[in-house]
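Asks: Have a look at this one before I ask anything.
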């Protein structure tokens, strides 16, 4: 039986022999296991998420939830008021509403409808929002100041969570300036800090959105006038209605600022300059206190409160009459004959003339081959210093200038404070120009020609001054050679810097007597004599352009001469000096009534104060020196 | 072979729900809609049913109620009382229908007078919350209703739409805290902002104490809120009181009086005008109305400071007393605010004018600033040839607001 094999039953193939039911179970088990893992993984994922939300980041989300309930709102600090020397209110505050955007609830799609509702430029608003992106979210965006009733209504009707919950109303104090630009250049204005100012050292401590002084006193004394904002924490409901005040950090108001300005003199100077272009500066030469400072045309600072609109700002900037220019400290113009008192003093001090020196004025004089005319065509005849000042004889002062030379003229002009800032506490003061041989080399790389000195002798040529420099210069001369720094804030504790010069008082008196003759002895300012007041002064008219330029001038431009007048009172130991610039006024005697009225207001007030005071109750009712009880509330 | 979902149905459903929820959550976050999807769907699903139920309920509720009441009548009077009840029922149904018809007629008439494009809506429910002053109406975004639209009736403003669903909308009543509207008084044209207090009281804010508001005076919408068109009645002044800085004026809203069942939603608002106040009936003695603007102008021109110190000035009148003092007011500015500088400038200006001197210009004549200035010029009396309109119109100043003029 070898070779025959009994076929053995082959062991069943593991696959084939496996019962079908058993296979299904295995398949199901593996799949169920897979799904179990997936399910577990999903739940682990979800649980991890919940763990992350509820446990790991609990504090973060809790804080976020509380931020939705608790809001921090700024409490703006009112700026200090600006008062005159007698405590009368020049710049006040009034209560109004400010609209801010809370960045915590800001939605960008709301910007366009908000801008539409408040008549704002949506693009500009968007740019403003962009500027705040780098700031922490608790910084709010100031949107509009001093809301009108209609704007308030729009905000109130739309600030619920169903509309624009990012809008927040804040009660705040806003600046109230005198109307129609009274003292505008002196006071300046406030506005929201811009990017350039934020990056400057001057405003380093300020944050975006804050209100700062932009010009004038508001800017120079910004740190004094600005307060420190407070904060109010409130609990709000889902409609952003305040439910509970959680805490208040009170704002610290800014300090009131008492100026040296005398409001009586200021408003009289303002009225005297109505309709004219120019400036008036009144100083007390004994201490440098500025009693009045006017520049016209002016602007209304009330328009800057909040934010001036672009159209109005453009109109101000492009106005050919330059209403933004503070002519009192920035107009650098030839002083004309008002420079002659300085020339007279220089001639006397240097000994090139004395009170007996005479010159024959035929109506012109020739120097270095060129004829220089006197303002009086027929000439003044023989004149001495006294008459030359009274009649403003140009020929006499050509002679004085020629004898002095440009560098001696420059020496006395600089001694009087010309050619450099007076140091008044206002921003952007200009220095003017006092020409000299060194100055010409420095400026033009050219030598000085003696013929040029002749023009400077009568306040023309390259010589330019500002109205405040002129008042300051004459003030120092009439006090015998003491120049007190002009200043605007009354601070008894601070000593006012002074410059002194050794002057011969007899020479000073000769100059002052000549100026007295200008007004009181039939001089060029005789029309402005004040009976009973020893009012002295000097007229001046100055060309705006050279004769060569005038020949080919633009017919549309106004090249009429500027009128100047500088006066003081009383004659002995003067207490007030006033300089007035009347642009295109053509002659100084048209500027003289401006100074006359300011000095008359000063004189009349002095009389009022020297009179026996009425009974206290009557005094309170009538005296202009009493602080007002009825002034608008801060 | 059995498919996976049918084999593992429970697990599949669970997964499906989880995935769906995650997707919906992601969609909700991505779209950042104002209304939650679940709420949107729920409201959309429920409002047709609610509307149907409300329709059935309002139609037959009274009938059912009375039928049940009538079920308890005694046998001996059954017949008579049944007849009586039937008559009463009929009467009530007729009265209700009449009232509805009157209201609908008034609303239709009002709608025809208002130039704004409106759509009538019926209240189908109230908002959630114990003190909620919100109602659901049966018009939604399908009919063009959008969030922020005004809701009004012929009696006055009602509120504004705060959420619009496809077939229904949520209207926030004007008495809900946070509601506000720009208003103007009819008689004195004083502007302010109507605001709802927490208690449902309506006040008009931002009215200065010196402004005149009379009790009973009507307030109308001013249109400045950009929600309610100008010229719609708001309510009458219930009381006024001077407060700190601003006057407290409480308003009785006219739009919510006498129940509220229907309203108009303003789809496209057109501003109208505030009607002139009607003159009260003539009291038998003929009295001409005050000349226009004359009396107030004289008051403003009269310096307050001069009134206060006038007697003293006249009796003493020393030269020093004539010193220009800022205690005298300047001319009223546009916002009524002035500084001492403004007052003093006006005073000095009058000094110059009274002496015929133009300050800074006049030569040879010198001003005397210690002389009292002339009194400010008073406004001229009204010209006799232009008399104000006489024959005051009789008018009824009752609870019904004056008719809204053609806008």
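Asks: Residue A:371 fails exactly one of the following numbered conditions: (1) under 18 Å from the mean Cα position of the chain (by Cα); (2) free of Cβ contacts under 8 Å to residues at least 24 places away in the same chain. What is the number of that condition?
Replies: Going through (1) under 18 Å from the mean Cα position of the chain (by Cα); (2) free of Cβ contacts under 8 Å to residues at least 24 places away in the same chain one by one, residue A:371 breaks only (1).
Asks: So, one more: Tell me, please, whether a residue that is free of Cβ contacts under 8 Å to residues at least 60 places away in the same chain, touching a helix residue (DSSP H, G or I) at 6+ places or on another chain (Cβ under 8 Å) and surrounded by 14 or more Cβ atoms within 10 Å (Cβ to Cβ) can be found in region B:76-86.
Replies: Yes; the residues of region B:76-86 include at least one that is free of Cβ contacts under 8 Å to residues at least 60 places away in the same chain, touching a helix residue (DSSP H, G or I) at 6+ places or on another chain (Cβ under 8 Å) and surrounded by 14 or more Cβ atoms within 10 Å (Cβ to Cβ).
Asks: Out of the residues in region B:183-195 meeting the condition of being touching a strand residue (DSSP E or B) at 6+ places or on another chain (Cβ under 6 Å) and within 11 Å of chain A (Cβ to nearest Cβ), tell me which one is farthest from residue B:221 (Cα to Cα).
Replies: Going through the qualifying residues, I end up with B:195.
Asks: Follow-up question, since we're still on this one. Conditions first: (1) at pLDDT 95 or above; (2) under 19 Å from residue A:334 (Cβ atoms). Residue A:507 passes all but one, so which condition is the exception?
Replies: The one condition residue A:507 does not meet is (2).
Asks: Looking for something at pLDDT 95 or above, outside any strand (DSSP E or B), closer than 25 Å to residue A:89 by Cβ and in contact with a strand residue (DSSP E or B) (Cβ under 7 Å, 6 or more places away or on another chain) - is there at least one such residue anywhere in region A:556-576?
Replies: no
Asks: Please note which helices (runs of 4 or more DSSP H) are completely contained in region B:1-118 and include at least 2 residues that are modelled with pLDDT under 70 and within 14 Å of chain A (Cβ to nearest Cβ).
Replies: B:9-31
Asks: Hey, another quick one. Test each condition in (1) without any contact (Cβ under 8 Å) to a residue 24 or more places away in the chain; (2) surrounded by 14 or more Cβ atoms within 10 Å (Cβ to Cβ); (3) outside any loop (DSSP other than H, G, I, E, B) for residue A:196 and report the one that comes out false.
Replies: (2)
Asks: Moving on to the next point. Against the definition (surrounded by fewer than 18 Cβ atoms within 10 Å (Cβ to Cβ) and in the same structural domain as residue A:479 (by TED's automatic domain parsing)), how does residue A:349 come out, yes or no?
Replies: Taking the combined requirement at face value, the residue does not satisfy it.
Asks: Between a residue in region B:156-168 that is more than 14 Å from every other protein chain (Cβ to nearest Cβ) and any residue that is part of a strand (DSSP E or B) and surrounded by 23 or more Cβ atoms within 10 Å (Cβ to Cβ), which pairs come within a Cβ distance under 6 Å, given they are 6 or more apart or on different chains?
Replies: B:156/B:233; B:156/B:234; B:158/B:151; B:158/B:152; B:158/B:263; B:168/B:136
Asks: Pick from A:180, A:162: which is assigned to a helix (DSSP H, G or I) and within 14 Å of chain B (Cβ to nearest Cβ)? Before the answer, list the steps.
Replies: Numbers: A:162 fails: assigned to a helix (DSSP H, G or I).
Only one candidate qualifies: A:180.
Asks: With respect to the numbered conditions (1) closer than 20 Å to residue A:207 by Cα; (2) touching a residue at least 24 places away in the same chain (Cβ under 8 Å), which one is the sole condition not fulfilled by residue A:120?
Replies: Condition (1) is where residue A:120 drops out.
Asks: Which of (1) part of a helix (DSSP H, G or I); (2) surrounded by fewer than 20 Cβ atoms within 10 Å (Cβ to Cβ); (3) touching a strand residue (DSSP E or B) at 6+ places or on another chain (Cβ under 8 Å) does residue A:339 not meet, given it meets every other one?
Replies: (2)
Asks: Right, something else. Using the structure shown, decide if residue A:618 is within 9 Å of another protein chain (Cβ to nearest Cβ), surrounded by fewer than 24 Cβ atoms within 10 Å (Cβ to Cβ), farther than 19 Å from residue A:267 by Cβ and modelled with pLDDT under 95. Break it down into steps so the answer makes sense when it comes.
Replies: Numbers: within 9 Å of another protein chain (Cβ to nearest Cβ): yes; surrounded by fewer than 24 Cβ atoms within 10 Å (Cβ to Cβ): yes; farther than 19 Å from residue A:267 by Cβ: yes; modelled with pLDDT under 95: yes.
Yes: the conditions hold for residue A:618.
Asks: Which one is surrounded by the most Cβ atoms within 10 Å (Cβ to Cβ) among residues in region A:603-615 that are modelled with pLDDT of 85 or more and either outside any helix (DSSP H, G or I) or touching a helix residue (DSSP H, G or I) at 6+ places or on another chain (Cβ under 6 Å) (or both)?
Replies: A:608
Asks: Now, a different point. Could you pull out the residue among A:155, A:182, A:129 that is at pLDDT 85 or above and under 17 Å from the mean Cα position of the chain (by Cα)?
Replies: Matching residue, one of A:155, A:182, A:129: A:182.
Asks: Would you call residue A:427 assigned to a loop (DSSP other than H, G, I, E, B) and more than 22 Å from residue A:260 (Cβ to Cβ)?
Replies: Working: assigned to a loop (DSSP other than H, G, I, E, B): yes; more than 22 Å from residue A:260 (Cβ to Cβ): no.
Spelling it out, it is not the case that residue A:427 is assigned to a loop (DSSP other than H, G, I, E, B) and more than 22 Å from residue A:260 (Cβ to Cβ).
Asks: Which residue pairs have Cβ atoms under 7 Å apart, sit 6 or more places apart or on different chains, and have a first residue in region A:229-256 that is over 12 Å from residue B:177 (Cβ atoms) and within 14 Å of chain B (Cβ to nearest Cβ) and a second that is modelled with pLDDT of 85 or more and assigned to a loop (DSSP other than H, G, I, E, B)?
Replies: Taking only residues 6 or more apart or on different chains, the pairs are A:256/A:80; A:256/A:81.
Asks: Just to be sure before I move on: is residue A:305 closer than 30 Å to residue A:95 by Cβ and in contact (Cβ under 8 Å) with a residue 40 or more places away in the chain in the structure I sent? Give the steps one after another, and end with the answer.
Replies: On the way: closer than 30 Å to residue A:95 by Cβ: yes; in contact (Cβ under 8 Å) with a residue 40 or more places away in the chain: yes.
Yes; evaluated as a whole, the condition is true for this residue.
Asks: Would it be correct to say that residue A:148 is farther than 30 Å from residue A:273 by Cα, within 14 Å of chain B (Cβ to nearest Cβ) and crowded, with 23+ Cβ neighbours inside 10 Å? If you could, list the steps in order and put the result at the bottom.
Replies: Numbers: farther than 30 Å from residue A:273 by Cα: yes; within 14 Å of chain B (Cβ to nearest Cβ): yes; crowded, with 23+ Cβ neighbours inside 10 Å: no.
For residue A:148, the condition - farther than 30 Å from residue A:273 by Cα, within 14 Å of chain B (Cβ to nearest Cβ) and crowded, with 23+ Cβ neighbours inside 10 Å - is not met.
The values are calculated or read from the model by the stated rules, or taken from the named source; none is laboratory data. Here the structure is a predicted model, which is why all the values come from computation and not from measurement. Every residue, glycine as well, gets a Cβ built from its backbone with ideal geometry; the counts of neighbours run over all protein chains shown.
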